[in-house]
Amino acid sequence: MCEAGKKTPVLEAKQVTKRFPAAHGQTLTACENVTLSLYAGQTLGIVGESGGGKSTFLRLLVGLEQPDSGEVLYQGTKISGLKGKALRDARRHIQMVFQDPSEAFHPRMKVRDIICEPLLNYHIIRRQEVPEKAVELLRMVELPEEFAGRYPKDLSGGQRQRVGIARALALEPDVLLCDEATSALDVAVQKSIIELLVRLQREKNIAIAFVCHDLALVRQLSHRTAVMYLGHVVELMDGRDVAARSLHPYTRAMLGSVFDLNMDFTKEIPVLKGETPGPLHVPEGCPFRDRCGFVRKECAGHMPPLEEKEKNHFCACFAV
Ligand SMILES: Nc1ncnc2c1ncn2[C@@H]1O[C@H](COP(=O)(O)OP(=O)(O)O)[C@@H](O)[C@H]1O
Ligand code: SF4
Ligand SMILES: [Mg+2]
(Lines give C-alpha, C1' and ligand atoms only; values in the text may rest on other atoms or scores of the structure.)
(Ligands and ions follow the chains in the order given, each with its own letter.)
Protein backbone atom coordinates (compact mmCIF):
# COMPACT_ATOMS: atom_id res chain seq x y z
CA MET A 1 0.00 0.00 0.00
CA CYS A 2 1.63 3.15 -1.23
CA GLU A 3 0.38 5.71 1.24
CA ALA A 4 0.36 3.67 4.43
CA GLY A 5 0.29 5.59 7.66
CA LYS A 6 -1.52 8.63 6.27
CA LYS A 7 -5.02 9.81 7.15
CA THR A 8 -8.00 8.52 5.15
CA PRO A 9 -7.95 9.65 1.55
CA VAL A 10 -10.86 11.69 0.23
CA LEU A 11 -10.65 9.85 -3.06
CA GLU A 12 -8.79 6.66 -3.69
CA ALA A 13 -8.12 4.48 -6.70
CA LYS A 14 -7.21 0.91 -5.89
CA GLN A 15 -5.50 -1.09 -8.62
CA VAL A 16 -7.66 0.35 -11.36
CA THR A 17 -7.22 -1.00 -14.87
CA LYS A 18 -8.94 0.38 -17.94
CA ARG A 19 -8.73 -1.16 -21.39
CA PHE A 20 -10.25 0.09 -24.63
CA PRO A 21 -11.08 -1.86 -27.75
CA ALA A 22 -8.80 -0.89 -30.63
CA ALA A 23 -8.69 -1.57 -34.36
CA HIS A 24 -8.42 -5.15 -35.69
CA GLY A 25 -9.87 -6.68 -32.55
CA GLN A 26 -6.95 -5.50 -30.43
CA THR A 27 -7.16 -4.09 -26.92
CA LEU A 28 -5.15 -1.21 -25.51
CA THR A 29 -4.52 -0.67 -21.84
CA ALA A 30 -4.84 2.98 -20.86
CA CYS A 31 -4.36 2.42 -17.10
CA GLU A 32 -2.94 -0.68 -15.47
CA ASN A 33 -3.19 -1.42 -11.76
CA VAL A 34 -3.09 2.24 -10.75
CA THR A 35 -3.29 2.84 -7.01
CA LEU A 36 -3.27 6.51 -6.01
CA SER A 37 -4.93 8.57 -3.28
CA LEU A 38 -6.05 12.17 -2.90
CA TYR A 39 -6.05 13.88 0.50
CA ALA A 40 -7.91 16.93 1.79
CA GLY A 41 -5.93 20.13 1.31
CA GLN A 42 -3.28 18.40 -0.78
CA THR A 43 -2.38 18.27 -4.45
CA LEU A 44 -1.39 15.13 -6.27
CA GLY A 45 0.49 16.03 -9.44
CA ILE A 46 0.27 13.47 -12.23
CA VAL A 47 2.82 13.86 -14.95
CA GLY A 48 3.98 12.03 -18.05
CA GLU A 49 4.02 12.20 -21.82
CA SER A 50 0.90 12.14 -23.93
CA GLY A 51 -0.77 8.72 -24.05
CA GLY A 52 0.37 7.83 -20.54
CA GLY A 53 -3.18 7.34 -19.29
CA LYS A 54 -3.47 10.53 -17.20
CA SER A 55 -6.80 11.72 -18.61
CA THR A 56 -8.25 8.22 -18.50
CA PHE A 57 -7.26 7.98 -14.86
CA LEU A 58 -9.09 11.23 -14.02
CA ARG A 59 -12.13 10.05 -15.96
CA LEU A 60 -12.12 6.88 -13.89
CA LEU A 61 -11.94 8.93 -10.70
CA VAL A 62 -14.92 11.08 -11.64
CA GLY A 63 -16.98 8.18 -12.99
CA LEU A 64 -16.91 9.21 -16.65
CA GLU A 65 -15.30 5.82 -17.31
CA GLN A 66 -15.70 2.61 -15.33
CA PRO A 67 -12.66 0.47 -14.51
CA ASP A 68 -12.40 -3.05 -15.91
CA SER A 69 -10.93 -4.06 -12.58
CA GLY A 70 -10.05 -2.33 -9.34
CA GLU A 71 -12.18 0.25 -7.61
CA VAL A 72 -12.58 3.94 -6.81
CA LEU A 73 -13.57 4.97 -3.28
CA TYR A 74 -14.90 8.33 -2.13
CA GLN A 75 -14.57 8.90 1.62
CA GLY A 76 -13.97 5.14 1.98
CA THR A 77 -17.12 4.11 0.03
CA LYS A 78 -16.90 2.45 -3.36
CA ILE A 79 -18.25 4.71 -6.09
CA SER A 80 -16.99 2.92 -9.21
CA GLY A 81 -19.80 0.93 -10.78
CA LEU A 82 -22.49 3.34 -9.54
CA LYS A 83 -25.18 4.37 -11.99
CA GLY A 84 -28.00 6.87 -12.24
CA LYS A 85 -28.80 8.96 -9.20
CA ALA A 86 -26.15 7.30 -7.01
CA LEU A 87 -23.43 8.21 -9.53
CA ARG A 88 -24.82 11.73 -9.87
CA ASP A 89 -24.79 12.19 -6.10
CA ALA A 90 -21.18 10.97 -5.84
CA ARG A 91 -20.05 13.15 -8.74
CA ARG A 92 -21.30 16.25 -7.05
CA HIS A 93 -18.27 16.04 -4.74
CA ILE A 94 -15.74 15.46 -7.52
CA GLN A 95 -15.45 18.13 -10.18
CA MET A 96 -13.20 18.56 -13.20
CA VAL A 97 -11.48 21.44 -14.93
CA PHE A 98 -10.40 20.79 -18.51
CA GLN A 99 -7.68 22.18 -20.75
CA ASP A 100 -10.08 24.24 -22.83
CA PRO A 101 -13.13 24.96 -20.74
CA SER A 102 -14.80 26.83 -23.60
CA GLU A 103 -15.45 23.48 -25.26
CA ALA A 104 -17.64 22.63 -22.29
CA PHE A 105 -19.37 26.03 -22.35
CA HIS A 106 -22.38 26.70 -24.49
CA PRO A 107 -21.29 29.67 -26.65
CA ARG A 108 -24.69 31.34 -26.26
CA MET A 109 -24.76 31.09 -22.49
CA LYS A 110 -23.66 34.05 -20.43
CA VAL A 111 -20.96 33.59 -17.81
CA ARG A 112 -23.50 33.84 -14.97
CA ASP A 113 -25.51 30.95 -16.41
CA ILE A 114 -22.41 28.88 -17.11
CA ILE A 115 -21.09 29.08 -13.57
CA CYS A 116 -24.47 28.63 -11.89
CA GLU A 117 -25.71 25.81 -14.14
CA PRO A 118 -24.47 23.00 -11.81
CA LEU A 119 -26.27 24.68 -8.87
CA LEU A 120 -29.51 24.82 -10.84
CA ASN A 121 -29.10 21.22 -12.03
CA TYR A 122 -28.75 20.02 -8.46
CA HIS A 123 -31.63 22.32 -7.33
CA ILE A 124 -29.35 24.10 -4.87
CA ILE A 125 -30.39 27.59 -5.96
CA ARG A 126 -33.45 28.98 -7.74
CA ARG A 127 -33.15 30.85 -11.03
CA GLN A 128 -33.76 34.23 -9.39
CA GLU A 129 -30.74 33.64 -7.16
CA VAL A 130 -28.37 33.27 -10.15
CA PRO A 131 -27.22 36.92 -10.43
CA GLU A 132 -26.20 37.14 -6.77
CA LYS A 133 -24.54 33.73 -6.71
CA ALA A 134 -22.69 34.46 -9.96
CA VAL A 135 -21.15 37.60 -8.47
CA GLU A 136 -20.01 35.64 -5.41
CA LEU A 137 -18.40 32.95 -7.58
CA LEU A 138 -16.75 35.49 -9.88
CA ARG A 139 -15.27 37.20 -6.84
CA MET A 140 -13.91 33.86 -5.66
CA VAL A 141 -11.90 33.49 -8.87
CA GLU A 142 -10.91 37.18 -8.90
CA LEU A 143 -12.97 38.22 -11.93
CA PRO A 144 -14.93 41.49 -12.02
CA GLU A 145 -18.66 41.10 -11.44
CA GLU A 146 -19.56 42.69 -14.78
CA PHE A 147 -18.18 39.55 -16.45
CA ALA A 148 -21.43 37.85 -15.42
CA GLY A 149 -23.16 39.26 -18.51
CA ARG A 150 -20.43 38.33 -20.99
CA TYR A 151 -20.25 35.41 -23.39
CA PRO A 152 -17.31 32.94 -23.44
CA LYS A 153 -16.01 34.42 -26.71
CA ASP A 154 -15.54 37.78 -24.97
CA LEU A 155 -13.04 36.30 -22.48
CA SER A 156 -9.31 35.59 -22.73
CA GLY A 157 -8.01 32.04 -22.21
CA GLY A 158 -7.04 32.77 -18.62
CA GLN A 159 -10.40 34.38 -17.87
CA ARG A 160 -12.23 31.41 -19.40
CA GLN A 161 -10.20 29.08 -17.22
CA ARG A 162 -11.20 31.12 -14.15
CA VAL A 163 -14.83 30.73 -15.21
CA GLY A 164 -14.19 26.98 -15.55
CA ILE A 165 -12.79 26.89 -12.02
CA ALA A 166 -15.74 28.92 -10.66
CA ARG A 167 -18.17 26.51 -12.30
CA ALA A 168 -16.27 23.47 -10.96
CA LEU A 169 -16.20 24.90 -7.44
CA ALA A 170 -19.83 26.12 -7.43
CA LEU A 171 -20.99 22.85 -5.89
CA GLU A 172 -18.30 23.09 -3.19
CA PRO A 173 -16.70 19.77 -4.11
CA ASP A 174 -14.13 18.02 -1.95
CA VAL A 175 -12.10 17.07 -4.98
CA LEU A 176 -11.00 19.07 -8.01
CA LEU A 177 -9.48 17.20 -10.95
CA CYS A 178 -7.52 19.48 -13.27
CA ASP A 179 -6.68 17.92 -16.63
CA GLU A 180 -3.99 20.02 -18.31
CA ALA A 181 -5.96 22.97 -16.96
CA THR A 182 -3.18 25.47 -17.59
CA SER A 183 -1.45 23.83 -20.55
CA ALA A 184 -3.01 26.06 -23.20
CA LEU A 185 -2.12 29.28 -21.37
CA ASP A 186 1.01 31.37 -21.57
CA VAL A 187 3.46 31.22 -18.69
CA ALA A 188 2.33 34.33 -16.80
CA VAL A 189 -1.33 33.33 -16.99
CA GLN A 190 -0.43 29.77 -15.97
CA LYS A 191 1.27 31.15 -12.89
CA SER A 192 -1.74 33.24 -11.91
CA ILE A 193 -4.12 30.27 -12.31
CA ILE A 194 -1.85 28.11 -10.19
CA GLU A 195 -1.71 30.79 -7.51
CA LEU A 196 -5.51 30.90 -7.59
CA LEU A 197 -5.77 27.12 -7.21
CA VAL A 198 -3.31 27.16 -4.31
CA ARG A 199 -5.28 29.90 -2.55
CA LEU A 200 -8.63 28.18 -3.08
CA GLN A 201 -7.20 24.89 -1.89
CA ARG A 202 -5.97 26.52 1.30
CA GLU A 203 -9.31 28.23 1.92
CA LYS A 204 -11.53 25.26 1.11
CA ASN A 205 -9.29 22.32 2.03
CA ILE A 206 -9.92 20.74 -1.37
CA ALA A 207 -8.03 17.71 -2.64
CA ILE A 208 -6.64 18.45 -6.09
CA ALA A 209 -5.31 16.17 -8.79
CA PHE A 210 -3.28 18.27 -11.20
CA VAL A 211 -2.48 16.49 -14.44
CA CYS A 212 0.11 18.02 -16.68
CA HIS A 213 2.82 16.91 -19.10
CA ASP A 214 5.17 19.60 -17.73
CA LEU A 215 7.07 18.22 -14.77
CA ALA A 216 8.55 21.58 -13.84
CA LEU A 217 5.08 23.05 -13.47
CA VAL A 218 3.64 20.09 -11.58
CA ARG A 219 6.33 20.19 -8.96
CA GLN A 220 5.54 23.82 -8.13
CA LEU A 221 2.21 22.95 -6.57
CA SER A 222 2.21 19.22 -5.81
CA HIS A 223 2.45 17.73 -2.36
CA ARG A 224 2.90 14.35 -4.03
CA THR A 225 3.82 13.63 -7.62
CA ALA A 226 2.99 10.49 -9.58
CA VAL A 227 4.78 9.80 -12.85
CA MET A 228 2.79 7.77 -15.40
CA TYR A 229 4.21 5.94 -18.37
CA LEU A 230 1.99 3.97 -20.74
CA GLY A 231 -0.69 3.38 -18.16
CA HIS A 232 1.62 2.55 -15.25
CA VAL A 233 2.59 4.65 -12.26
CA VAL A 234 6.37 4.30 -12.39
CA GLU A 235 7.26 6.70 -9.58
CA LEU A 236 5.46 8.35 -6.66
CA MET A 237 7.19 10.78 -4.36
CA ASP A 238 6.89 14.03 -2.44
CA GLY A 239 6.40 16.95 -4.82
CA ARG A 240 9.41 18.88 -3.63
CA ASP A 241 11.63 15.82 -4.12
CA VAL A 242 11.09 15.54 -7.84
CA ALA A 243 14.07 17.57 -8.98
CA ALA A 244 16.59 16.41 -6.41
CA ARG A 245 15.55 12.89 -5.53
CA SER A 246 13.64 11.25 -8.35
CA LEU A 247 14.94 7.76 -9.08
CA HIS A 248 13.17 6.36 -12.11
CA PRO A 249 15.11 6.64 -15.38
CA TYR A 250 11.97 7.98 -17.09
CA THR A 251 11.47 10.74 -14.53
CA ARG A 252 15.16 11.63 -14.66
CA ALA A 253 15.08 11.71 -18.44
CA MET A 254 12.04 13.99 -18.36
CA LEU A 255 13.95 16.29 -16.07
CA GLY A 256 16.76 16.18 -18.59
CA SER A 257 19.27 16.13 -15.77
CA VAL A 258 22.51 14.31 -15.18
CA PHE A 259 21.79 11.04 -13.48
CA ASP A 260 23.45 7.75 -12.80
CA LEU A 261 21.93 4.90 -10.91
CA ASN A 262 25.25 4.04 -9.30
CA MET A 263 25.88 7.65 -8.40
CA ASP A 264 28.63 7.91 -10.99
CA PHE A 265 28.07 11.49 -12.01
CA THR A 266 30.49 11.26 -14.89
CA LYS A 267 27.81 9.42 -16.85
CA GLU A 268 24.83 11.20 -18.27
CA ILE A 269 21.42 9.69 -18.80
CA PRO A 270 20.53 9.89 -22.46
CA VAL A 271 17.88 12.55 -22.78
CA LEU A 272 14.62 10.85 -23.72
CA LYS A 273 15.13 9.30 -27.07
CA GLY A 274 12.45 8.02 -29.38
CA GLU A 275 8.74 8.30 -29.28
CA THR A 276 6.57 6.61 -26.70
CA PRO A 277 5.74 3.25 -28.28
CA GLY A 278 2.12 3.17 -29.38
CA PRO A 279 -0.24 1.79 -26.73
CA LEU A 280 -0.65 -1.34 -28.84
CA HIS A 281 3.07 -1.92 -29.02
CA VAL A 282 4.03 -1.77 -25.36
CA PRO A 283 7.03 -4.04 -24.85
CA GLU A 284 6.75 -7.03 -22.52
CA GLY A 285 8.22 -6.44 -19.10
CA CYS A 286 9.05 -2.83 -18.22
CA PRO A 287 7.13 -0.58 -20.63
CA PHE A 288 10.05 1.88 -20.69
CA ARG A 289 12.68 -0.63 -21.72
CA ASP A 290 12.84 0.38 -25.40
CA ARG A 291 13.98 3.85 -24.39
CA CYS A 292 15.84 3.20 -21.16
CA GLY A 293 19.58 3.72 -20.89
CA PHE A 294 19.80 1.29 -17.94
CA VAL A 295 17.94 -1.67 -19.38
CA ARG A 296 19.06 -5.07 -18.10
CA LYS A 297 18.06 -8.66 -18.60
CA GLU A 298 15.23 -8.86 -16.07
CA CYS A 299 13.55 -5.75 -17.53
CA ALA A 300 12.19 -7.94 -20.33
CA GLY A 301 10.67 -10.49 -17.96
CA HIS A 302 7.90 -8.65 -16.19
CA MET A 303 6.78 -5.21 -15.06
CA PRO A 304 8.88 -4.12 -12.07
CA PRO A 305 6.66 -3.63 -9.00
CA LEU A 306 6.14 -0.15 -7.56
CA GLU A 307 8.22 -0.49 -4.38
CA GLU A 308 9.12 1.85 -1.56
CA LYS A 309 12.79 2.54 -2.24
CA GLU A 310 13.12 5.36 0.27
CA LYS A 311 10.68 6.58 2.92
CA ASN A 312 7.43 7.53 1.11
CA HIS A 313 9.19 7.27 -2.21
CA PHE A 314 7.99 4.54 -4.58
CA CYS A 315 9.62 3.53 -7.82
CA ALA A 316 9.04 0.73 -10.33
CA CYS A 317 12.47 -0.10 -11.69
CA PHE A 318 14.75 -3.15 -11.41
CA ALA A 319 17.84 -0.99 -11.49
CA VAL A 320 16.97 1.28 -8.56
N1 LIG B 1 -12.31 6.35 -25.23
C2 LIG B 1 -11.20 5.80 -25.69
N3 LIG B 1 -11.22 4.84 -26.63
C4 LIG B 1 -10.09 4.27 -27.09
N5 LIG B 1 -8.85 4.59 -26.66
C6 LIG B 1 -8.76 5.55 -25.73
C7 LIG B 1 -9.91 6.21 -25.19
N8 LIG B 1 -9.50 7.14 -24.27
C9 LIG B 1 -8.16 7.05 -24.23
N10 LIG B 1 -7.71 6.11 -25.11
C11 LIG B 1 -6.32 5.71 -25.31
O12 LIG B 1 -5.76 5.44 -24.04
C13 LIG B 1 -4.41 5.86 -23.99
C14 LIG B 1 -4.22 6.84 -22.84
O15 LIG B 1 -4.86 8.05 -23.19
P16 LIG B 1 -5.02 9.28 -22.20
O17 LIG B 1 -5.61 8.78 -20.95
O18 LIG B 1 -5.75 10.33 -22.94
O19 LIG B 1 -3.50 9.68 -21.93
P20 LIG B 1 -2.88 11.10 -21.53
O21 LIG B 1 -3.95 11.92 -20.91
O22 LIG B 1 -1.77 10.75 -20.57
O23 LIG B 1 -2.34 11.68 -22.79
C24 LIG B 1 -4.10 6.47 -25.33
O25 LIG B 1 -3.47 5.50 -26.13
C26 LIG B 1 -5.46 6.82 -25.88
O27 LIG B 1 -5.47 6.80 -27.29
S1 SF4 C 1 13.05 -1.62 -15.06
FE2 SF4 C 1 14.73 -1.71 -16.50
S3 SF4 C 1 13.97 -0.83 -18.45
FE4 SF4 C 1 12.55 -0.28 -16.77
S5 SF4 C 1 13.22 1.72 -16.14
FE6 SF4 C 1 14.24 0.25 -14.79
S7 SF4 C 1 16.20 -0.20 -15.77
FE8 SF4 C 1 14.92 0.82 -17.29
MG1 LIG D 1 -4.65 13.85 -21.41
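Some observations on this one:
- For the pair Leu120 and Glu310 in one chain, pulling the backbone fully straight at 0.36 nm per residue adds 63.6 nm over the alpha carbon distance.
- Note on the chain: with a GNM built from Cα contacts shorter than 10 Å, the maximum mean-square fluctuation among Ile194, Ile94, Ile208 falls on Ile194.
- Label-to-label distance, nm, for residues given as Gln15 and Thr77 (7 Å Cα→Cβ offset): 2.4 nm
- Each Lys or Arg adds one and each Asp or Glu takes one away; over the other residues whose Cβ falls under 9 Å from the Cβ of Ala40, this sums to 0.
- Assuming charge only on the beta carbon of Lys and Arg (+1) and of Asp and Glu (-1), the dipole of the range 56-105 about its Cα centre is about 300 debye to the nearest 20.
- In a fully extended conformation the segment linking Val320 and Ser69 would gain 87.5 nm over its present Cα-Cα distance, using 0.36 nm per residue.
- Ranked by solvent-accessible area (1.4 Å probe, protein heavy atoms only, all chains present), the residues Ser55, Ser222 order from largest to smallest as Ser55, Ser222.
- With the simple spin-label model, which puts each label point 7 Å out from Cα in the Cβ direction, the Lys297 to Asn205 separation comes to 5.5 nm.
- Charged neighbours of Glu117, selected by a Cβ distance under 12 Å, balance to +4 (K, R count +1; D, E count -1).
- With respect to the chain, whose longest principal axis is taken over its alpha-carbon atoms, helix 187-204 is tilted by about 80°.
- Here is the size of the range 1-158 from its Cα atoms: Rg then Dmax, 18.6, 54 Å.
- The chain, relative contact order [Cα under 8 Å, separation at least 6], %: 20 percent
- Built amide H within the under 5 Å cut-off of Ile125, gap 5+: Leu120
- Remark: the range 68-217 carries 50 Å² of accessible area per residue (probe radius 1.4 Å; ligands, DNA and RNA excluded).
- Linear extension gain, Ala216 paired with Leu171, 0.36 nm per residue minus alpha-carbon span: 13.1 nm
- Here the accessible area is traced with a 1.4 Å probe on the protein chains. For the chain, carbon and sulfur cover 48 percent of it.
- By the helix-only formula, in which each DSSP H run with n ≥ 4 contributes -39500 (n - 2.57) and the sum is divided by residues, the chain has a 222 nm mean residue ellipticity of -8000 deg cm²/dmol.
- The range 74-152-the range 214-233 distance, computed between alpha-carbon centres (Å): 27 Å
- Two-site FRET efficiency, Arg108 against Glu136, from Cβ-Cβ distance with R₀ of 22 Å, rounded to 0.05: 0.40
- For the chain: span of alpha carbons on each principal axis (Å, largest first): 68, 44, 41
- Among 70-83, 237-250, sorting by the average number of other beta carbon atoms lying within 10 angstrom of each residue, highest first, gives 237-250, 70-83.
The values are calculated or read from the model by the stated rules, or taken from the named source; none is laboratory data. Only a predicted model underlies this, so the values are computations on that prediction, with no experimental measurement involved. Neighbour counts run over all protein chains shown; Cβ positions are idealised from the backbone, glycine included. Calculation scope for accessible area: heavy atoms of the full protein, side chains included, ligands and nucleic acids excluded. Shrake-Rupley method; radii C 1.70, N 1.55, O 1.52, S 1.80 Å.
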